[in-house]
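> Okay, handing you the structure first.
The values are calculated or read from the model by the stated rules, or taken from the named source; none is laboratory data. As the structure is a prediction and not an experimental result, all values here were calculated from the model. Glycine also receives a Cβ, built like all others from the backbone with ideal geometry; neighbour counts cover every protein chain displayed. The area values use the complete protein model at the heavy-atom level, side chains included, leaving out ligands, DNA and RNA. Shrake-Rupley method; radii C 1.70, N 1.55, O 1.52, S 1.80 Å.
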Amino acid sequence: MSRVEPLRRPARLAPGARVAVVAPSGPVPEERLQAGLEVLRGWDLDPVVGRHVLDRHGEFGYLAGGDADRAADLQSAWCDPAVDAVICARGGYGVQRMVDLLDWEAMRAAGPKVFVGFSDITALHEAFAVRLGLVTLHGPMAAGVDFVKSVRAQDHLRATLFSPETVRTVRSDGTALVPGRARGVTLGGCLCLLAADLGTAHARPSARGGLLCLEDVGEETYRLDRYLTQLLRSGWLDGVSGLLLGSWARCEPYDGVRALLADRLGGLGVPVAEQFGFGHCDDALTVPFGVTAELDAGAGTLTLDEPALS
């Protein structure tokens, strides 16, 4: 069985770096986009906006424009040698409709750069790992309300982008669902997207050897049960080294969710850290995917072997 392997780290950002903002998923509120761009400019970055970021799909209002246009914005930004990083504007839904329209050979030839997003962007984190072999950042998005209103989220992403050696240890505010220590390569994202990705060309065959990060939003407990059970039944969780559980915003009260997580994940026999502070929550932390790290579930720490960016 193949194992999750460490990936190539893109270069950190420097003042004046050009950052492209794209919308691979849902429609973007213009006011929040402008607020996010102001934050990026305040970091002495040069944000540029994809041509179709503010588009609306003519028939399906949950999409930020047509599939081909959303794919074209992402590919154009990634393949532009003047762009140092690509930050998604928001999540929602839509990546699975456009990810197969990307020219992965051209994107691989463009070389490594920083990629940031979460939620629906989970499908792109997986694709970037499988197709490009790159470390990516599971972090707040440019037009996300959680980003524009949270100094903590802004500061942690900024430190990761500019001085990643200062945030080699990510600390949670939670406790251990299953105590213990584990080493592995970070991966993961939104639970429902990981389940939906199974069997696609962009999905890893398993999380073996990985430190798997999971979170979700607005799901009833039986649906969370279904996603977790699908991952278990498919064998995708076989050999996982440890788990980090983020936020479960707008799900049922956490005691009920916690009971399900313990029921479905406790039998894996690996450390599980809960309430780790990433995902759909206030003050969300940035977690790099594709780096070797050590999880101490009891202490609530994830310590990277090396900075997320080179």
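> Go through the stretch 203-235 and give me each residue that's open to solvent by 10 Å² or more (accessible area, probe 1.4 Å), part of a loop (DSSP other than H, G, I, E, B) and over 12 Å from Thr186 (Cα atoms).
Ala203, Arg204, Pro205, Gly218, Glu219, Glu220, Ser234, Gly235
> Now, a different point. Hey, any hits in the stretch 88-102 for a residue that's open to solvent by 20 Å² or more (accessible area, probe 1.4 Å), touching a Lys or Arg at 6+ places or on another chain (Cβ under 6 Å) and not small (Gly, Ala, Ser)?
First, the residues of the stretch 88-102 that are open to solvent by 20 Å² or more (accessible area, probe 1.4 Å): 90, 92-93, 96-97, 100-101.
Restricting the remaining residues to those that are touching a Lys or Arg at 6+ places or on another chain (Cβ under 6 Å) gives none.
No: zero hits.
> Output the qualifying pairs, or none if there are none: Cβ atoms under 8 angstrom, residues six or more apart or on different chains, first residue in the stretch 126-155 and under 16 Å from Ala308 (Cα atoms), second residue surrounded by 18 or more Cβ atoms within 10 Å (Cβ to Cβ) and acidic (Asp, Glu).
Between residues of the stretch 126-155 that are under 16 Å from Ala308 (Cα atoms) and residues that are surrounded by 18 or more Cβ atoms within 10 Å (Cβ to Cβ) and acidic (Asp, Glu), the close pairs are Pro140/Asp146.
> Among the numbered criteria (1) assigned to a loop (DSSP other than H, G, I, E, B); (2) at pLDDT below 95; (3) surrounded by 19 or more Cβ atoms within 10 Å (Cβ to Cβ), which one does Phe147 miss?
That leaves (1) as the condition not met.
> Also: Can you confirm whether the stretch 171-183 contains a residue that is within 23 Å of Pro140 (Cβ to Cβ), touching a Leu at 6+ places or on another chain (Cβ under 7 Å) and not small (Gly, Ala, Ser)?
No, the stretch 171-183 has no match at all.
> For the stretch 262-310, which positions are open to solvent by 50 Å² or more (accessible area, probe 1.4 Å) and part of a strand (DSSP E or B)?
Matches in the stretch 262-310: Glu294, Thr303.
> Between Ala23, Ala14, which is within 22 Å of Trp78 (Cα to Cα) and surrounded by fewer than 16 Cβ atoms within 10 Å (Cβ to Cβ)? Talk me through it step by step, then tell me what you get.
Values: Ala23 fails: surrounded by fewer than 16 Cβ atoms within 10 Å (Cβ to Cβ).
After applying the criteria, what remains is Ala14.
> Shifting gears a bit: I'd like to verify a number: residues in the stretch 112-132 that are part of a loop (DSSP other than H, G, I, E, B) and among the basic types (Lys, Arg), how many? Reasoning before the result, please.
Looking only at the stretch 112-132, we keep the residues that are part of a loop (DSSP other than H, G, I, E, B), and these are 112-113, 118.
Filter again for among the basic types (Lys, Arg), leaving 113.
Counting residues in the stretch 112-132 that are part of a loop (DSSP other than H, G, I, E, B) and among the basic types (Lys, Arg) gives 1.
> Return the pairs, sorted by first residue and then second, in which the second residue is of a type in the set (Asp, Glu) and open to solvent by 10 Å² or more (accessible area, probe 1.4 Å), the first residue lies in the stretch 281-310 and is closer than 17 Å to Arg12 by Cα, the beta carbons are less than 9 Å apart, and the residues are 6+ apart or on different chains.
Short answer, once both residue conditions are applied: Gly290/Glu5; Val291/Asp305; Val291/Glu306; Leu304/Glu294; Asp305/Glu294; Glu306/Glu165; Pro307/Glu165.
> Being open to solvent by less than 20 Å² (accessible area, probe 1.4 Å), more than 15 Å from Val217 (Cα to Cα) and not aromatic (Phe, Trp, Tyr) is the filter here; which residues of the stretch 236-259 pass it?
Leu237, Val240, Gly242, Leu243, Leu244
> State whether the residues of the stretch 183-191 include one that is under 22 Å from Ala297 (Cα atoms), part of a helix (DSSP H, G or I) and open to solvent by less than 50 Å² (accessible area, probe 1.4 Å).
yes
> Same structure again: Go through (1) under 16 Å from Gly144 (Cα atoms); (2) more than 19 Å from the chain's Cα centre (by Cα); (3) at pLDDT 95 or above for Leu54 and report which single condition fails.
(3)
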